[in-house]
């Protein structure tokens, strides 16, 4: 079954966050609690997380895949290279409070208060003239955009190579099991 806003509350929340980001020219992100944090929110200028928000990256290194799709670029930009490497190599969940201490999250608010706080900040930011808002966003995000352009193409090729190797090794293991079954 396809996930839609009507059938999946998590999808509905993500769509709502995307709509809020679009309205705010991607300058603000909020992460509701008790859900895993999506790395796309790291592209926002201001990140508000609820106390229950959890940051995690299971699919990459622990799954046998190079984290080359931009997750390292975004995390290292926000938290520093050493923390990003440690986080991605040993993908243990980190709390919103840890993300705040690392400088990834601007504010941690009680569960259920992230979206209201994001809207409150949005109203504050929207008081500035439109050109000021847009150009401030452009100025703030430019260093990250430059890193994404410089790093992600190569990172994706590394990720693709590791994924292909993973599939190849899984096939070899599967064939070995099949051959073992024929011999027995």
Output the residues belonging to the range 107-148 that are farther than 23 Å from residue 74 by Cα, without any contact (Cβ under 8 Å) to a residue 60 or more places away in the chain and assigned to a helix (DSSP H, G or I).
116, 120, 123, 124, 130, 131, 132
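With a cut-off of at least 3 residues that are surrounded by fewer than 19 Cβ atoms within 10 Å (Cβ to Cβ), more than 12 Å from the chain's Cα centre (by Cα) and in contact (Cβ under 8 Å) with a residue 40 or more places away in the chain, name the helices (runs of 4 or more DSSP H) lying wholly within the range 44-106.
Those helices (runs of 4 or more DSSP H) span 96-101.
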Can you find a residue in the range 151-163 that is assigned by TED's automatic domain parsing to the domain that holds residue 75, in a helix (DSSP H, G or I) and more than 18 Å from residue 72 (Cα to Cα)?
no
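Return yes when residue 166 is farther than 20 Å from residue 50 by Cα, at pLDDT 90 or above and buried (at least 16 other Cβ atoms within 10 Å of the Cβ) and no when it is not.
Judged against the criteria, residue 166 is not a match.
The values are calculated or read from the model by the stated rules, or taken from the named source; none is laboratory data. If you're wondering where the values come from, they're calculated on a predicted model, not measured in any experiment. Cβ coordinates were reconstructed from backbone atoms using ideal geometry, including for glycine residues, and neighbour counts include every protein chain displayed.
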